[in-house]
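A short write-up of the structure that comes next.
The values are calculated or read from the model by the stated rules, or taken from the named source; none is laboratory data. Since the structure is predicted, the reported quantities are computational estimates derived from the model, not experimental observations. Positions of Cβ are backbone-derived with ideal geometry, glycine not excepted, and every protein chain shown enters the neighbour counts. For the accessible areas, the whole protein counts, side chains as well, though only heavy atoms, and no ligand, DNA or RNA atoms are used. Shrake-Rupley method; radii C 1.70, N 1.55, O 1.52, S 1.80 Å.
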Amino acid sequence: MQQGTLMRKVKSKSWKKQRYFKLQEDCMTIWYQSKRTGKTESAFSISDVETVREGHQSEVLQSVAEEFPPERCFTIVFYGRRGNLDLVAGSAEEAQCWIQGLRQLIEPRSFSLTFALASRTWIRDWFQKADKNKDGRMNFKEVQRLLKMMNVDMNEDHALRLFQDADKSESGTLEGEEFVLFYKALTQREEVLSLFQEFSEDGKKLTLLELVDFLREEQLEDEGTEELAMELIDKYEPSETARARHVLSADGFLMYLCSLEGSIFNPQHQALWQDMSQPLCHYFISSSHNTYLIEDQIRGHSSIEGYIRALKRGCRCLEVDCWDGPNGEPMVYHGHTFTSKIPFREVVSTLGKYAFKVRHPSPGAGGRGWSLVGENTWLWVAQGASLSPTPQELKHKILLKGKKIGRLEDTLDGPGDEAPDVSDDDNGAEAEEERRRAKVRGTQHGSALQKDKETLAQALSDCVIYCKNVPFRGFQEARSHSRPSEISSLSEAKARKLIRDEGNEFVRHNAWQLTRIYPSGMRTDSSNYSPQEMWNVGCQIVALNFQTAGMEMDLCDGLFSQNGHCGYVLKPPFMRDKETLFNPSDPSSWEGPGPITLTIQVISGQQLPKVANSKEGAIIDPLVRVEIYGVPADQAHQETKYIENNGFNPRWDETLQFQLHVPELALIRFVVEDYDKTSRNDFVGQFTLAFANIKPGYRHIHLLSKDGTSIPPSSLFVHIRITE
């Protein structure tokens, strides 16, 4: 990897500044400084980097394509909503050196290794920040300063005692391994050690049988427990001697609890675990609204980054608004507003590159080839599809949702008469119904069809194979006249009224036909509505503004983080039955074993991040709030007390309890906030998952930022119990 490389940072065709870029000695941090002033401008961590793209693979670099050849250009893409960094190296060799070096550094590792590396990086970063005079040592005053920086408000006598215990050289300073000793003493997990000793006869190790007891009694692992115990020892025990004796030390026990197997999220559900051979209307589908926008709805920036980010997040339904552009080339933007425009050809090219790429592959998940639904755009479509295709049948295909001249069957059967909405191959009952419809609607049908033919190109109409867009005129009308191959779009306000007035009818409708919900036109700031109330009645395509962080997108990410992250989640059986009695607003309609009790003991937190833009020396007062989203009767939240001045290792030891009447629809959101008695609490981190994906027992919850990206090693330690 090059050190101190001079490159151009490009923001636009006219903004190109030369900067020195350098990888720090820790191989985890990159800083850059101005060539003119020599001032360090910014730094970012390798852990913030999602990927590196070669060549002109951003709108900014495409705009300077004539000036700089593709072999000298590359784009650093960050997790979350942080803007990309577009760079032009001095030569193709320099560009390749950075591209290959960065890719090696960000290459995915195992979960446990990533966690261990994050902890080591955490130690090194804090040491460098607190070592004021940069002599590689820390005196007690610097250690006190470090504790403040690390979100710890510790008694001075206790801090001095830890310092002196670690100062083996008795030099009055800590260096190298002495600081590691201090850090280990600081991060001693008493609550984990106590749990370990509860199952260990000698308090020093867990034998194979003792570990099996723990897995069965506390983690509720009931199948292949002895084999699992052996796997955990082989995987997480750091001592070769202990591994050979088939025992687990306290360090190995902690590593297991912090691992993927010790997470609250059932690792088996991270792979593709649901039946993908049911009709498309039987699935919740990850969906975005005005995907091309990365800001507001009126003057916001349109960008292919909107599509790339949504697709990488698991989105399967995208929106592309096409309008006539100069020289007959279609452009994509929010019509009748001041948003910027992007060429339609760039959007289609981007979809071709990213539509079926795998993101965070899990063991057994396979490639992410699940079908893509595009709205108002011309894409490659699923020819030869049945009237009720399944995600399995549609794998690696793109569907177009849009208006259509005539009937879907005409397209599937080949060219035919496009005027009447009736075909000769209908059976008697269907043909009679079509004749009745034609007679009732008479000239109104004919004039509407003629209008469609005048405004809609036949070639574009023929691209609509499955998702024919039709207006919604009520559930009775849909039952009598609509087909499973059709889809209606409803505003959030219209959907809420139907939920309130005809909840059960809405659920039944969504058992056989697709429904898309979109945000109110009043949400010009790209804010979102809660998707939960729409999922409660089985709406499949609940479109959200992916560019806007918040609870709504947390719920979306939480629901679709399962099932191989494929963007499809199978609805519960009672929502796939066209004769269901289920109504989310009517408890008497719920058929099930009765409410279950979810008991969550919030034990502790580890290395919680500081609040963004907080004052130097400020330490958070963290509390944990658990929020339940589901049917109205299940909506609830409870929170712990706040712990004053400790974001490093707070202990709550509080138990929260919830009754869930329809757990199949419930989402659980864990939120950590910095308590403020004079104003609104500040967000610290969160994690959201579907109830169906919870693993009971002692579990770690690895927190996510507001953007939905991980913030290792920040976590919560909890104990989960589920009883009927």
* **Partner lysines for residue 494 [C-alpha distance under 24 Å; skip if fewer than 8 residues away on the same chain]** => 401, 403, 404, 468, 571, 578
* Compute the label zone of residue 323 within the stretch 258-296: residues whose backbone N is under 16 Å from the point 7 Å along Cα-to-Cβ. => 290-296
* Asked: According to the Kirkwood expression over distinct Cα-Cα pairs, how big is the hydrodynamic radius of the stretch 530-644, in Å?
  -> 17.6 Å
* Structure fact -> Each label sits 7 Å from Cα toward the beta-carbon; between residue 710 and residue 473 the label points are separated, in nm, by 5.3 nm
* Residue pairs, from the table 17/397; 134/706; 9/341, whose Cα atoms sit over 32 Å apart -> 17/397; 134/706
* Asked: If each of residue 299 and residue 156 carries a label point 7 Å out from its Cα toward its Cβ, how far apart are those two points in nm?
  -> 5.3 nm
* Which length gain, in nm to one decimal place, applies between residue 48 and residue 34 when the Cα-Cα distance is subtracted from 0.36 nm times their residue separation? -> 2.9 nm
* Residue separation times 0.36 nm, minus the C-alpha to C-alpha distance between residue 613 and residue 188: what's the value? -> 150.1 nm
* Structure fact -> If R0 = 60 Å, then residue 244 and residue 675, at their Cβ-Cβ distance, give a FRET efficiency to the nearest 0.05 of 0.80
* Enter the accessible area of residue 107 (Å², nearest 10), with the probe set to 1.4 Å and all protein chains included. => 110 Å²
* Structure fact -> For the residue 346, residue 201 Cβ pair and Förster radius 45 Å, calculated FRET efficiency rounded to 0.05 is 0.10
* To do: First compute the accessible area of the stretch 593-723 with a 1.4 Å probe, then give the percent of it belonging to carbon and sulfur atoms.
  => 46 percent
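Can you give the translational diffusion coefficient of the stretch 593-723 in µm²/s, computed by Stokes-Einstein from the Kirkwood radius over Cα pairs at 20 °C and 1.002 mPa s?
141 µm²/s
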* Inverse of mean 1/r across different Cα pairs in the stretch 190-262, Kirkwood, Å -> 11.9 Å
* Inter-label distance for residue 235 and residue 82, nm, one decimal - labels placed 7 Å from Cα along Cα-to-Cβ -> 2.9 nm
* To do: Provide the FRET efficiency to the nearest 0.05 for the residue 597-residue 105 pair, computing r from the beta carbons and using R0 = 56 Å.
  => 0.75
* Compactness of the stretch 5-106 as Cα Rg over 2.2 N^0.38 Å, two decimals -> 1.00
